Amino acid sequence: MSWPDACYQEINFDGLVGPTHNYAGLSFGNLASVSHQGAISNPRQAALQGLSKMRWLMDRGFVQGVLPPQLRPNLPTLRQLGFQGAPAEILQQAWQQSPQLFSMCCSASSMWVANAATIFPSCDQLRQRCVLIPANLISHFHRNQEVMATKALLDYVFADDRYFQVQRPLPAVMEFGDEGAANHMRIALEDEPALHVLVYGSDNASQANPKRYPSRQTREASAAIARLSGVSESRLVMVKQSAEAIDAGVFHNDVIAVSHDGVLLCHEKAFLNQAQALQEIERRGNGRINIVEVKEAEVSLAKAVSTYLFNSQILGTPEQRILLLPAECEQDAEVKDYIEHRLKATLNLQEIAYLDLQQSMRNGGGPACLRLRMNLNDDEVAALHGKLILNDERHQQLVELVSRRYPEQLSLDQLANWEFASELMDIVREIYRVLDLPQALLDSFQ
Ligand code: SUG
């Protein structure tokens, strides 16, 4: 049984793909994003793929949550950048004068909620409240635009301060670049508070920093997150990503490592001085952590990035372990073989599933990017505001809404048309109604 008792359960909150989902090539260092720049997207299919993933977990008895998309195009930000007039004029001006800026203000990137915040469950920490730290996402302008709305949403949903504490995001400067749970791994230690591994990509030791692509998480940020977490120092470990991995397209730790329960699955080239890093994790876990290290000879770094093997979700208990992977893993014979012949046995997998998330994958967002994990107890779940925990009816309502209103084809120029764009914004309002979230939360971002 996991610490502290069976009342806590891991709940995945998945980001619902927004109706402006598109391919703008905005994330330098994220190979899929750059290589799909300009492709025509299918927002309806993208959202339905995400909802099927949620359904898949629900069907297996897991409690599944959802987080709504944000309003895009982002008119307040376009105004802040000097585009003036009625919404129709603002969109036209921005599209004509700076298509690049315009695309950044239209991104549906809030779907990758693994970057929304870092979460420390109440059972692991001294204050006995669940701590949520929204990420500042300063490495990319399109992602940084998510922060205020995410903070407002978390403040609303987790308002009950008997159970939750929503911190402020770290200061928005390069020194504190923070990308949330994608760079955080919680590893359960049976009958004690869990170990929290905070992974960063750069620090002052510049010779071990990436050279080709940017690091999106700094040591200073992870150190601040550690201080804010409320977790005892003995349960926190900081580990640096290997520069080679970042330069090969591993822009977040969750592209190369994943934890669940007492398991840590990682690639051989995930961390700087990996042998030492893993030894330290093992020592802190008093030998109770099941570390599975995939060797380069088994799955190359390049394949880890192209198939997103490590962006999988390990689910369930040791007796009933399930692995959920993106379909790209099944399409690569070598990776599939590794999963079905080696990982199956090592992790004692009872079920392996490959899900089609191609629309999100083309922007570098796999299964684990689409979820924000929280370990919550029954009282905490009952204290949530809004109806974010899915049941059959709500799931069906979302499927119906998406099928009825989301466009099936989208290119950026269409979003410069206010009539079309306002229709998409109205869809987000309808989603808020389904999830019983106040429209006032959206009005401050209109
Ligand atoms: O921040 N892609 C996202 C993908 C985030 C994946 N998240 C995790 N690994 N946890 C990013 O790079 C691409 C958008 C575009 O190019 O249109 C984008 O933002």
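Restricted to region 267-295, and to residues that are in a loop (DSSP other than H, G, I, E, B), over 15 Å from residue 244 (Cβ atoms) and open to solvent by 60 Å² or more (accessible area, probe 1.4 Å), which residue is modelled with the lowest pLDDT? If we take residues in region 267-295 being in a loop (DSSP other than H, G, I, E, B), over 15 Å from residue 244 (Cβ atoms) and open to solvent by 60 Å² or more (accessible area, probe 1.4 Å), then 286 is modelled with the lowest pLDDT. Within region 427-446, if we keep just the residues that are free of Cβ contacts under 8 Å to residues at least 12 places away in the same chain and assigned to a helix (DSSP H, G or I), the residue that is least open to solvent (accessible area, probe 1.4 Å) turns out to be 440.
Restricting attention to region 63-78, does a residue exist that is under 16 Å from the mean Cα position of the chain (by Cα), β-branched (Val, Ile, Thr) and open to solvent by less than 10 Å² (accessible area, probe 1.4 Å)?
At the first step, the residues of region 63-78 found to be under 16 Å from the mean Cα position of the chain (by Cα) are 64-70.
Of the ones still in play, those that are also β-branched (Val, Ile, Thr) are 66.
Keeping just the survivors that are open to solvent by less than 10 Å² (accessible area, probe 1.4 Å) gives 66.
Within region 63-78, one or more residues are under 16 Å from the mean Cα position of the chain (by Cα), β-branched (Val, Ile, Thr) and open to solvent by less than 10 Å² (accessible area, probe 1.4 Å).
Could you look through region 296-320, keep only residues that are in a loop (DSSP other than H, G, I, E, B) and crowded, with 23+ Cβ neighbours inside 10 Å, and pick out the one that is farthest from the ligand (Cβ to nearest atom)? It comes out as 299.
Condition check: modelled with pLDDT of 95 or more, within 26 Å of residue 166 (Cα to Cα) and either open to solvent by 10 Å² or more (accessible area, probe 1.4 Å) or among the small types (Gly, Ala, Ser) (or both). Does residue 227 satisfy that? For residue 227, the condition - modelled with pLDDT of 95 or more, within 26 Å of residue 166 (Cα to Cα) and either open to solvent by 10 Å² or more (accessible area, probe 1.4 Å) or among the small types (Gly, Ala, Ser) (or both) - is met. Test residue 388 against the criterion of being touching a residue at least 60 places away in the same chain (Cβ under 8 Å), crowded, with 23+ Cβ neighbours inside 10 Å and closer than 26 Å to residue 111 by Cβ, and give yes or no. When the stated conditions are applied, residue 388 does not pass them. Taking every residue in region 77-92 that is over 17 Å from residue 443 (Cβ atoms) and pairing it with any residue that is basic (Lys, Arg), at least 6 positions away or on another chain, the pairs with Cβ-Cβ distances below 9 Å are 90/79. Total residues in region 89-135 satisfying the condition of being farther than 20 Å from residue 73 by Cα and outside any helix (DSSP H, G or I): the figure is 16.
Contact map, region 30-42: first residue under 17 Å from residue 112 (Cβ atoms), second residue part of a helix (DSSP H, G or I) and within 10 Å of the ligand (Cβ to nearest atom), Cβ cut-off under 8 Å, separation 6 or more or different chains; pairs are 32/361.
Looking at 40, 11 in this structure, which one is open to solvent by 30 Å² or more (accessible area, probe 1.4 Å), among the β-branched types (Val, Ile, Thr) and either over 27 Å from residue 153 (Cα atoms) or away from the ligand (no atom under 14 Å from the Cβ) (or both)? Lay out the reasoning, then the answer.
Details: 11 fails: open to solvent by 30 Å² or more (accessible area, probe 1.4 Å).
So the residue among 40, 11 that is open to solvent by 30 Å² or more (accessible area, probe 1.4 Å), among the β-branched types (Val, Ile, Thr) and either over 27 Å from residue 153 (Cα atoms) or away from the ligand (no atom under 14 Å from the Cβ) (or both) is 40.
The values are calculated or read from the model by the stated rules, or taken from the named source; none is laboratory data. These numbers were taken from a predicted model, which means no experiment stands behind them. We place every Cβ from the backbone using ideal geometry, glycine too, and count neighbours over all the protein chains shown. To get the accessible areas, we keep the full protein, side chains included, count just its heavy atoms, and leave off ligands, DNA and RNA. Shrake-Rupley method; radii C 1.70, N 1.55, O 1.52, S 1.80 Å.
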